[in-house]
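Below: the structure, in structure tokens.
No lab work stands behind these numbers, since they all come straight from the coordinates. Predicted model, so just to flag it, every value in this text is computed and none were measured. Ideal geometry is used to build each Cβ from the backbone, glycine not excepted, and the neighbour counts take in all protein chains shown.
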Ligand SMILES: [Zn+2]
Ligand SMILES: [Zn+2]
Ligand SMILES: [Zn+2]
Ligand SMILES: [Zn+2]
Ligand SMILES: [Zn+2]
Ligand SMILES: [Zn+2]
């Protein structure tokens, strides 16, 4: 580590003057400000206001925001369904690299960047395992110029979160190269059908490396490791270069809620690029859960246990937890609901169409008075844009609230599920 | 919903959505094949009506919604929050309510039967995924009314066997119920256990029960399924006798306990295929347990 040099950094202003000033003379700022001034500077209360058409300040309207978000996701959904049968990399091996250098002490996001990052990593890990069953996560921290492996690749969210929350100390410099070298070593060993990914949450504005980072980037590119970075300060050239080379995405957060959004964008499986992973059929068993109160000896701990437990369908051995590998016959055991959580990605339901006002005047069509889903009365046509939508497959009408619920959470069309034409055509 | 916004809901006020299986293949066959524990559709409905009436008598603010699960359609039968006119009839509330539910149910069953005549081949499976989806949409509407609403739960009264082709849709509904913290209770009146409902109740923390003696159905309903969510924490309710976690294969819609998983999209197949029918990936030579060799080293310290 004697031959350190700092990789050149290209900064770009992202969030106006205030952020820039804080980076430059943070020390001076903190001393120069009165306590009451700091309270305003820390809370950034102006960010939750917006100007209306007459120039008055109003709190940000959340309902319009929510609707816009829904529309955006709907558009993405219909784009996905038009390119039918999109491949998704559903078995992912992801290392999360967290910057715990001294830059994580910065308090522009309260209580500090490092603590906020840890908080959202926790939420991310839970969401990740929800959306990517059978995937693995490992955690790496950057501190004092070195990269350290906090947890090995594993499928249990709680062990990662526990390890992370016990290690919230920030000091020294961050080194991108050390992180990439470490990750590269680990990810090179994983099975060929797995998708190799790194998500770097970077607070610092520089990287302090022992050698030429460009070589390391090329090494990652060769090993097909997809590297993505979410920055917390300004955009850096080296991060952008890394993501461009390896096919990842680079984003910089403006504030805490934006950071959360950017991190969670990495939870859904990315479209698989055929060359990135070899597809395979893996044999698996779906064990039954034993009745509560039954006493049996488990194969994994070799202890007598009361209740719970699962039975391997091939050798009938008892295991305590899923997913696991049967200790006796080696079969991979998973809980089938765990797999089924991701099936709505495979069979997305079609976007509902707004009911055109012309069809209201059609005497042949008797318009339903209520929403098929929730029985809410549907308003009759006015001059306003349609307040009802219809499923193109079953032609049932739904209210807008049901439309959102059906596409965002339920992933079933109640109309299509309540008719039998689907089953009959399969015969 | 508009009729009850100002009332104060305590935490023992329930919204109970009852899904009634009206499958004619099940109800028509049950008397002939399984004479020992037989239950005719009319006796079944009589038990359920008494149960619904007793729920509404337990707490005036409680609400009951009835949805019929047919073989070709699903529909709303009754909603206690939207019934105001009929309750003033001369015979009193309960007979009026019962006859109204019976009338709507009769209409539904004959309409459902009409649909199966139109189709070339009738199915034996009830559309559980449809009625579950309807129930969840209704419950979301209650959630939208604000923070004050009755505690919702779903009760499935299921007789006919699971329809394996509904596997994905039923699982989607279960996960959505879990996310909104809506328990799904199941009372299975058929001759065999339902793997769908075992999983539904297990995942959503509802109660799963397959009564031993069907002539005492009302007893089971009123002692187990009438309990509100608050009381459940202090009661000893029946514990599941195991959960069937078997899945349906995508190729034949067969229920399997061992199978092959596509590593790209996680589709389940009952035997080895050359190409994934869901995502189109072409598989190399069979690596039956490829994970066991390379993963072993890393997995052991986690266990
Ligand atoms: Zn064990
Ligand atoms: Zn085994
Ligand atoms: Zn609706
Ligand atoms: Zn539809
Ligand atoms: Zn099959
Ligand atoms: Zn596939």
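Observations on the model:
- Two-site label geometry, residue A:158 and residue A:320: point separation in nm, points 7 Å out along Cα→Cβ: 1.1
- Estimated inter-spin distance, residue A:297 and residue B:241, nm [label 7 Å along Cα→Cβ]: 2.7
- Footprinting exposure proxy for A:106, A:303 (fewest neighbouring C-beta atoms within 10 Å first): A:303, A:106
- Site pair residue B:148 and residue B:192 shows an inter-label distance of 4.9 nm when each label is modelled 7 Å from Cα along Cα→Cβ.
- Stretchable slack from residue A:165 to residue A:370, in nm (0.36 nm times residue separation minus alpha-carbon distance): 68.8 nm
- Net lengthening on full extension, residue B:212/residue B:38 (0.36 nm per residue, minus Cα-Cα): 61.5 nm
- For region B:128-244: rounded, prolate or oblate by the Cα gyration tensor [a/c cutoff 1.5]: oblate
- Per-residue Cβ neighbour rank within 10 angstrom, fewest leading, B:283, B:25: B:25, B:283
- The mean number of partner chain beta-carbon atoms within 10 angstrom of a residue's beta-carbon across peptide B:243-249 is 6.
- Averaging the sequence gap over all C-alpha pairs within less than 8 Å and six or more residues apart, then dividing by the number of residues, gives region A:288-346 a relative contact order of 24 percent.
- Length available on full extension from residue B:282 to residue B:113: 0.36 nm per residue minus the Cα-Cα distance, which gives 56.5 nm.
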